[in-house]
Amino acid sequence: MAVAILIQFFIAGMSSLTAPDWWDYHKIWISFFQWLVLPLPLLAWFCGKPRIGRLSLASLLIAQIALQYVLVHRALDGRLPIGVGLHAVNGAVMLVVATALTLGWNDA
């Protein structure tokens, strides 16, 4: 998941800063990688004890994907102008959460 988010950062950066044609790649990549979060809570549950912290982090990623859609679509239709910036910040927070989940941050 963390690698998928890093790839998405690269594609979004290329789209916004260098070549707007990369926007299509941004949309295509999200259509694949958004589904990576669905099995995470189940996998987190089966990784052994303690489960609650790991399950919480894995479930947080599902909520963050949903928030990504809300933020960007509200920004694009003009109802939340700062939504695009918050979309990027939430992406960075998703990377932190995915990395913490990968590294077993809460297993102690």
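Net charge around MET14, counting only other residues with Cβ within less than 12 Å of its Cβ (Lys, Arg = +1; Asp, Glu = -1)? Counting the neighbours of MET14, the net charge comes to -2.
Phi angles of the range 26-35 translate, via the Karplus equation with coefficients 6.51, -1.76, 1.60 and θ = phi - 60°, into HN-Hα couplings of 4, 5, 5, 5, 5, 5, 8, 6, 4, 7 Hz per residue; Gly and Pro are given as x.
The trypsin sites (Lys or Arg not before Pro) of the range 1-102 meeting both criteria, a DSSP state outside H, G, I, E and B (loop) and at most 10 other C-beta atoms within 10 angstrom of the site's C-beta, are ARG79. Over the range 12-108, all Cα pairs binned in 5 Å intervals from 0 give whole-percent P(r) values of 3, 13, 19, 22, 18, 11, 8, 5, 2, 0, listed from short to long. For CYS47, the amide hydrogen comes within under 5 Å of no other amide hydrogen, counting only partners 5 or more places away or on other chains and with H modelled in the peptide plane. When a 1.4 Å probe is rolled over the protein heavy atoms, the share of accessible surface on the chain that falls to carbon and sulfur comes to 75 percent. The calculated 222 nm mean residue ellipticity attributable to helices in the chain amounts to -23000 deg cm²/dmol, summing -39500 (n - 2.57) over DSSP H runs of n ≥ 4 and dividing by all residues.
Relative to the dominant Cα principal axis of the chain, helix 52-76 is inclined by about 10°.
The values are calculated or read from the model by the stated rules, or taken from the named source; none is laboratory data. Not measured: the values here are computed from a predicted model. Using ideal geometry, Cβ is built from the backbone for each residue, glycine included, and neighbour counts are taken over all protein chains shown. These accessible areas exclude ligands, DNA and RNA; they are computed on the full protein's heavy atoms, side chains included. Shrake-Rupley method; radii C 1.70, N 1.55, O 1.52, S 1.80 Å.
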